[in-house]
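The structure under discussion appears below in the form of structure tokens.
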Amino acid sequence: MKNIVIFGAPGAGKGTQSDFIVEHFGLTHVSTGDLLRKEIADKTDLGRRIKDIMDAGRLVSDDIVTEMIDKAIAADTKGMLFDGYPRTVAQAESLDQLLAKHGRELTCMVQLDVPREELIRRLLERAKIQGRADDNEETIKNRLDEYNKKTLPVAEYYAAQGKQMLINGTGSIEEIAERIIKAIG
Ligand code: AMP
């Protein structure tokens, strides 16, 4: 059973490529960003607590997302693709513990490598098409800062475990998907 992390900066194409990976390997897709946006859309207590943080492009607390992931793993039987999680080293450590608790182990981490100018171009483009609240210029800057400060060290964490697979994240969507599937396979 495969349990994979897809990793990269905001705008690197994690969501798009996740669709190909889950389809190809028959995995359950879990995106913490999607789960958190649903809490906001459903106007839950949690949604009210996290809205301002997300709108500002800051990370929500590790405890909140880790609890969501714990539930998702408990409900899954196929193997999983984690998208947008882990985003801090503390989350990466939690993920290892949660997988172990369920008798699983992380197979690998796929890191999409995309230059910063290309990330900003894609995020502004997506802002026009999807109208996501956190896809404006100010928030994009915060999200990239959070990524560089808190999330990039996660790549080191997996490199040290020998689980990091660096993939060129530029080119056509199909080309990138092919690279990823080949690397995982
Ligand atoms: P995403 O859809 O992955 O770009 O996530 C959108 C926003 O949700 C982020 O900017 C954070 O505010 C929040 N978020 C998503 N995943 C996490 C996570 N693993 N840890 C903390 N905050 C998260």
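Which one of K149, K71 is open to solvent by 70 Å² or more (accessible area, probe 1.4 Å), modelled with pLDDT of 95 or more, within 23 Å of V22 (Cα to Cα) and among the charged types (D, E, K, R)?
Working: K149 fails: within 23 Å of V22 (Cα to Cα).
None of the others qualify; the one that does is K71.
What's the number of the condition V154 fails, among (1) within 20 Å of K2 (Cα to Cα); (2) more than 14 Å from the ligand (Cβ to nearest atom); (3) under 16 Å from the mean Cα position of the chain (by Cα)?
Just one mismatch for V154, condition (2).
For the range 30-88: of the residues being basic (K, R) and in a loop (DSSP other than H, G, I, E, B), which is nearest to the ligand (Cβ to nearest atom)? Reasoning before the result, please.
Here is the first cut: in the range 30-88, the ones basic (K, R) are 37-38, 43, 48-49, 51, 58, 71, 78, 87.
Next, only the ones that are in a loop (DSSP other than H, G, I, E, B) stay: 43, 58, 78, 87.
On the way: K43: 17, R58: 6, K78: 21, R87: 4 Å.
Top of the filtered list is R87.
Is it true that I4 is assigned to a strand (DSSP E or B), open to solvent by less than 60 Å² (accessible area, probe 1.4 Å), more than 10 Å from the ligand (Cβ to nearest atom) and touching a residue at least 60 places away in the same chain (Cβ under 8 Å)? Reasoning before the result, please.
Values: assigned to a strand (DSSP E or B): yes; open to solvent by less than 60 Å² (accessible area, probe 1.4 Å): yes; more than 10 Å from the ligand (Cβ to nearest atom): yes; touching a residue at least 60 places away in the same chain (Cβ under 8 Å): yes.
Spelling it out, I4 is indeed assigned to a strand (DSSP E or B), open to solvent by less than 60 Å² (accessible area, probe 1.4 Å), more than 10 Å from the ligand (Cβ to nearest atom) and touching a residue at least 60 places away in the same chain (Cβ under 8 Å).
Kindly list the number of the only condition in (1) within 14 Å of the ligand (Cβ to nearest atom); (2) assigned to a helix (DSSP H, G or I); (3) of a type in the set (G, A, S) that fails for A9.
Tallying (1) within 14 Å of the ligand (Cβ to nearest atom); (2) assigned to a helix (DSSP H, G or I); (3) of a type in the set (G, A, S), A9 fails exactly one: (2).
Suppose the filter is free of Cβ contacts under 8 Å to residues at least 60 places away in the same chain, within 19 Å of R37 (Cβ to Cβ) and either among the basic types (K, R) or surrounded by 16 or more Cβ atoms within 10 Å (Cβ to Cβ) (or both); does R132 pass it?
Numbers: free of Cβ contacts under 8 Å to residues at least 60 places away in the same chain: yes; within 19 Å of R37 (Cβ to Cβ): yes; either among the basic types (K, R) or surrounded by 16 or more Cβ atoms within 10 Å (Cβ to Cβ) (or both): yes.
Taking the combined requirement at face value, the residue satisfies it.
Within the range 95-105, restricting attention to residues that are within 14 Å of Y158 (Cβ to Cβ) and within 15 Å of the ligand (Cβ to nearest atom), which residue is surrounded by the fewest Cβ atoms within 10 Å (Cβ to Cβ)? I'd like the intermediate steps shown before the answer.
Taking the range 95-105 first, the residues within 14 Å of Y158 (Cβ to Cβ) are 95-96, 99, 105.
Cutting the leftovers down to within 15 Å of the ligand (Cβ to nearest atom) gives us 95-96.
Details: L95: 22, D96: 16.
Among those that are within 14 Å of Y158 (Cβ to Cβ) and within 15 Å of the ligand (Cβ to nearest atom), it is D96.
Given the structure, is G103 part of a loop (DSSP other than H, G, I, E, B) and free of Cβ contacts under 8 Å to residues at least 24 places away in the same chain? Before the answer, list the steps.
Numbers: part of a loop (DSSP other than H, G, I, E, B): yes; free of Cβ contacts under 8 Å to residues at least 24 places away in the same chain: yes.
Against the criterion (part of a loop (DSSP other than H, G, I, E, B) and free of Cβ contacts under 8 Å to residues at least 24 places away in the same chain), G103 qualifies.
Looking at the range 163-172 only, could you name the residues that are open to solvent by 40 Å² or more (accessible area, probe 1.4 Å) and in contact with a helix residue (DSSP H, G or I) (Cβ under 6 Å, 6 or more places away or on another chain)? Spell out the reasoning first.
Keep residues of the range 163-172 that are open to solvent by 40 Å² or more (accessible area, probe 1.4 Å), which gives 164-166, 168, 170-172.
Result: Q164, M165.
The values are calculated or read from the model by the stated rules, or taken from the named source; none is laboratory data. Note that this is a predicted model, so its numbers are computed, not measured. Note that each Cβ is placed from the backbone with ideal geometry, even for glycine, and that neighbours are counted across all protein chains shown. Areas reflect the complete protein model, heavy atoms only, side chains present, ligands, DNA and RNA absent. Shrake-Rupley method; radii C 1.70, N 1.55, O 1.52, S 1.80 Å.
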